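This report concerns only the one structure given below.
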Amino acid sequence: MEHISFLVAVVIITALAFDFTNGFHDTANAMATSIATGALRPKIAVTIAAVLNFAGAFLSVKVATTISGGIVNEKAGIHPSIIFAALVGAILWNLLTWLRGLPSSSSHALYGGLIGATIVGVGFNGVNFNTVVTKILIPAVASPIVAGLAAWGATKLAYAITRRGNEKTTTKAFKTGQIASSSLISLAHGTNDAQKTMGIITLTLVSVGALPKGALPPTWVIVGAGAAIALGTYMGGWRIIRSMGKGLADIQPPQGFSSETAAAAVILTSSHMGYGLSTTQVCSGGIMGAGLGGPKRELNWSMARRMVYTWGLTLPAAATVAGLAAFVADQGTWGVVVVGAALVAGSGAMYLVSRRQPVHAGNVHDTAAVEVTPVPTPPATAPVTAPADATIAA
Amino acid sequence: MNIKWNALAQTAGISFGITVAVVTVFALGILALSRREAVLEAAGGTGSGGTGRANAALAGATVCFAACAAVVVYGLSLIAG
């Protein structure tokens, strides 16, 4: 019993830690283009995103009664050490991609972690590969393309319609529209992703008999998950915000509004239809489409390629790390301690490496690519502008 | 394996349609606002000659932005649903 409660405590803490990384990894989805076009000042943007993510956590607990939406067979013996291993794989992948400034899907990292840990801990029969293909892989390929096409078409129309309008009025109005569209994405993100953490904690408590079967998340779980994702969002994954806001194209207000509207439409429609969507991929696809649809028809293809490779790697990489972690954690308490120590050490190391080239609210508008390895940096796509808000760099 | 291409295509089509519709209506609203400013500016020296057209443009802009706001409210209801 003592072993169980130790493990449950570790799972809850790790789940909240994952929720935190999910928050700061995904701030960019909603806010990168609003920050890039100047619709919102960086600190204001992350504050709005954090508040809306927190509020979103309270809007619905509909999907919080499942960990995975049917991807792994939760009745086939998913025990806390498997969930712990899955979270470790997801967190480490999230941090590695953040370090490199690449937007990758936190949901895919979590699903990959669950799949890897389940294969090692339960066997291949614990994973519903049919669901993996229909609910994750196909939407993962389709959704960024749909968002990209929609953003491309919308950008063309936005420029065509407002061509003869007053430029100052147009810019100001599109910026105002961006505040609404990016807020909607933030709220949807909080609702979707905070629920995943609630589901993990709730089902862990159910699995050890601390809650009755089929119980809804207790209030402290909802508050905890909402607070963790909001805090993570407020920290702002500035490296990823820079990549998405400045690294793909020089986004102007009509493009920002089009890409955010496309992302919000795809996210809300597909979650309504029951697809396990990736907010990150949808938003990145929208930005790429808006870049190509704009008057300059520009897209930094090398950055786009790096993002797509990362998306492809997310599931297998998180699965591999989680599988390894599941094998070690299954050895008993010492195994859990070893995996926990590895998680803390790995996270700490990546944080230290990130300090070599810090990105924060004050220099988020610079266009230099985040590069932590001694590879020559690719040429900037747009003239480097002096950060107008250098004063708020704390 | 049973892939529901139909549902997938539907989701893609609806997303595309909503995006283009919202951005088009919003852009039309902005255009109407610009028109209003242009009319007011032109009428600036000659008294209230352009107020009728300016008010019509403002009404048009209001309708456009209200339509966009309605879509946002529907989106909120989907999030909470």
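Only the coordinates and a few stated rules stand behind these numbers; no lab work does. If you're wondering where the values come from, they're calculated on a predicted model, not measured in any experiment. Using ideal geometry, Cβ is built from the backbone for each residue, glycine included, and neighbour counts are taken over all protein chains shown.
Some observations on this one:
- Among B:C68, A:C283, sorting on how many other beta-carbon atoms sit within 10 Å of each Cβ, with the fewest leading, yields B:C68, A:C283.
- Label-to-label distance, nm, for residues given as A:V338 and A:E167 (7 Å Cα→Cβ offset): 6.4 nm
- Charge sum, other residues only, whose C-beta stays under 14 Å from A:D19's C-beta, Lys/Arg counted +1 and Asp/Glu -1: -1
- In order along region A:357-364, the Karplus-derived 3J(HN,Hα) couplings, from 6.51 cos²θ - 1.76 cosθ + 1.60 at θ = phi - 60°, round to 9, x, 10, 9, 4, x, 10, 5 Hz, and Gly and Pro are given as x.
- Each Lys or Arg adds one and each Asp or Glu subtracts one; over the other residues with Cβ under 9 Å from the Cβ of A:P253, this totals +2.
- Residue by residue along B:70-78, Cβ atoms of other protein chains within 10 Å of the local Cβ number 4 on average.
- Charge dipole (the protein assembly as shown, unit charges on Cβ, about Cα centre) - positive-most of B:I3, A:G23, A:V10: B:I3
- Percentage relative contact order, region A:71-159, counting C-alpha pairs under 8 Å, at least six apart: 35 percent
- By the rule of a C-alpha distance below 27 Å, with chain neighbours fewer than 8 residues away ignored, the lysines paired with A:K135 are A:K62, A:K75, A:K196, A:K213, B:K4.
- Global geometry of region B:5-80, whether rounded, prolate or oblate, following the gyration tensor of its Cα atoms and the 1.5 cut on a/c: prolate
- Percent of Cα-Cα distances greater than 42 Å, calculated over the protein assembly as shown: 17 percent
- Entry note, chain B: relative contact order of 32 percent, from Cα contacts under 8 Å with a spacing of 6+ residues.
- Think of the protein assembly as shown as having a plus end and a minus end, set by charges on the Cβ of Lys, Arg, Asp and Glu; of A:N94, A:T176, B:T62, B:T62 sits farthest toward the positive end of this dipole.
- Length-normalised contact order for chain A - Cα pairs under 8 Å, 6+ apart - percent: 32 percent
- Cα-centred dipole magnitude for region A:157-309, charges only on beta-carbon of K, R (+1) and D, E (-1), debye, nearest 20: 420 debye
- Residue with peak Gaussian network fluctuation, chain A [Cα springs, cutoff 10 Å], from A:G113, A:G38, A:G23: A:G38
- Distance between the 7 Å Cα→Cβ label points at A:V208 and B:N2: 3.9 nm.
- Electrostatic bookkeeping for A:N166 treats Lys and Arg as +1 and Asp and Glu as -1; over the other residues with beta carbon under 13 Å from its beta carbon, the sum is +3.
- Distant-in-sequence amide contacts of A:V72, defined by a placed amide H-H separation under 5 Å and a gap of 5 or more residues or a different chain, comprise A:N128.
- For chain A, the residue among A:T202, A:N192, A:A249 whose Cα projects farthest onto the positive side of the dipole built from Cβ charges is A:A249.
- Dimensionless Rg over Rh [region A:165-309; C-alpha; Kirkwood]: 1.08
- Rounded to the nearest Hz, the phi-derived 3J(HN,Hα) couplings of region B:29-38 under the Karplus curve 6.51 cos²θ - 1.76 cosθ + 1.60 (θ = phi - 60°) are x, 5, 4, 4, 4, 4, 4, 4, 4, 4, where x marks glycine and proline.
- What the phi angles of region A:213-218 give under the Karplus curve with 6.51, -1.76 and 1.60, with θ = phi - 60°, is a coupling list of 4, x, 6, 7, x, x Hz, glycine and proline written as x.
- In terms of Cα atoms, the Rg and Dmax of region A:185-228 work out to 10.9, 36 Å.
- Percent of Cα-Cα distances greater than 17 Å, calculated over region A:245-369: 71 percent
- 0 to 90° range, to nearest 10: angle between helix B:51-80 axis and chain B longest Cα axis: 20 degrees
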